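Each reported figure results from applying straightforward, stated rules to the coordinates on display, with no laboratory input. Values in this document were obtained by computation on a predicted structure and should not be read as measured data. With ideal geometry, Cβ positions are generated from the backbone for all residues, glycine too; neighbour counts draw on all protein chains shown.
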Amino acid sequence: WIRALHPVGWIGKHIIDVDFAGPELMVTVRKSAFGAFVGQKGVYVRLIDRVIRRLINVGVRAMESEGE
């Protein structure tokens, strides 16, 4: 769902993991593409958070991967 909703089309190949962390969905993204995933001032991540929250009542958080 995140790949389908995100405005940047190529971001799907940079998402490493999506998992539930308590009451929220934690999305782990490669360090090199984290800025593109979050967007300027967090616009893209807030958009995804709002849509997922309305669909399944779960918030979304983004985290950079530590490896790359």
Neighbour-count ranking [beta-carbon atoms within 10 angstrom, fewest first] of 25, 47: 47, 25
Max mean-square fluctuation residue, GNM over the chain, Cα-Cα springs under 10 Å, options 29, 38, 58: 58
Most mobile listed residue (30, 46, 54) in the chain, GNM with C-alpha springs under 10 Å: 54
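Can you give the helix-only mean residue ellipticity at 222 nm for the chain, where every DSSP H stretch with n ≥ 4 adds -39500 (n - 2.57) and the sum goes over all residues, rounded to the nearest 500 deg cm²/dmol?
-9000 deg cm²/dmol
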About the Cα centre, charge dipole magnitude for the chain (Lys/Arg +1, Asp/Glu -1 at Cβ), debye: 360 debye
Label corresponding to Rg and Dmax of the Cα atoms in Å when calculated from the structure given, among [x] 13.2, 37; [y] 11.0, 32; [z] 10.7, 29: [y]
Gaussian network model of the chain, Cα within-10 Å springs - most flexible of 51, 43, 27: 43
Helix axis angle, 43-56 relative to the chain longest principal axis, alpha carbon, degrees: 40 degrees
